[in-house]
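S.K.: Mind having a look at this structure? Questions to follow.
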Amino acid sequence: MSMATITEVRQYLTFRLGNEVFALDVAKVREVLDLVPITRIPRTPSFMRGVINLRGSVVPVVDLRANFGMPVTEATVNSCIIVVEVLHLNEVLVIGALADQVEEVIDLEPENIQMPPKIGAQVKTEFLHGMGKRDSRFLMILNIDQVFSSEELAAVKE
């Protein structure tokens, strides 16, 4: 889904990492879980926190803060795991993503979504579908299929 394909009102799950607000297309979200114990796996990348047992299935959990270069913080009562479906090499991977807080599900009209800013060649923004405008604030609409590199997803898959 690119900016050109957003032609109708879509629903997005909004969540916080620190003071920043992000959004995910609800079609990519399986469920939102309260924080549960995460089993750490040795020799995994720093952004991978471990795995959880989700109704008998092993689901890897990644820390979006670490992946985005944000400082990692302690979990709070509002911390949660957003279980998402990520497309990698024509295969759907189920991944849990740590979030500081889930806010709400919102509807965004196409006219309230702008292209990600062009910051220069050094800053990569392909992981963003766009910038959504809601009231007087902007939120970053993530392209969850592009948030992690192929190497990172291969490490999670293994």
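S.K.: Among the residues of the stretch 84-101, what is the count of those that are surrounded by 19 or more Cβ atoms within 10 Å (Cβ to Cβ) and assigned to a strand (DSSP E or B)?
M.R.: Residues that pass the stated criteria total 7.
S.K.: Mind listing just one residue for me: the one in the stretch 32-53 that is in a loop (DSSP other than H, G, I, E, B) and of a type in the set (D, E, K, R) and, of those, farthest from Leu142 (Cα to Cα)?
M.R.: If we take residues in the stretch 32-53 being in a loop (DSSP other than H, G, I, E, B) and of a type in the set (D, E, K, R), then Arg43 is farthest from Leu142 (Cα to Cα).
S.K.: In the list Ile106, Ile52, which residue meets the criterion of being surrounded by 19 or more Cβ atoms within 10 Å (Cβ to Cβ), β-branched (Val, Ile, Thr) and at pLDDT 90 or above?
M.R.: Details: Ile106 fails: surrounded by 19 or more Cβ atoms within 10 Å (Cβ to Cβ).
Only one candidate passes the filter, namely Ile52.
S.K.: Let me ask another. Specify which of the listed residues (Val29, Val58, Val51) is β-branched (Val, Ile, Thr) and under 28 Å from Ile106 (Cβ atoms).
M.R.: The conditions single out Val29.
S.K.: State yes or no: is Ala75 in contact with a Phe, Trp or Tyr (Cβ under 7 Å, 6 or more places away or on another chain) and at pLDDT below 95?
M.R.: no
S.K.: For the stretch 54-75, how many residues are without any contact (Cβ under 8 Å) to a residue 40 or more places away in the chain, assigned to a loop (DSSP other than H, G, I, E, B) and touching a strand residue (DSSP E or B) at 6+ places or on another chain (Cβ under 8 Å)?
M.R.: Result for the stretch 54-75: 1.
S.K.: So is Gly130 within 18 Å of Leu24 (Cβ to Cβ) and either in a helix (DSSP H, G or I) or among the small types (Gly, Ala, Ser) (or both) or not?
M.R.: Yes: the conditions hold for Gly130.
The values are calculated or read from the model by the stated rules, or taken from the named source; none is laboratory data. What you are looking at is a predicted structure, and each value in this text was computed from that prediction instead of being measured. A quick note on method: Cβ atoms are made from the backbone with ideal geometry, for glycine too, and the neighbour counts reach across all protein chains shown.
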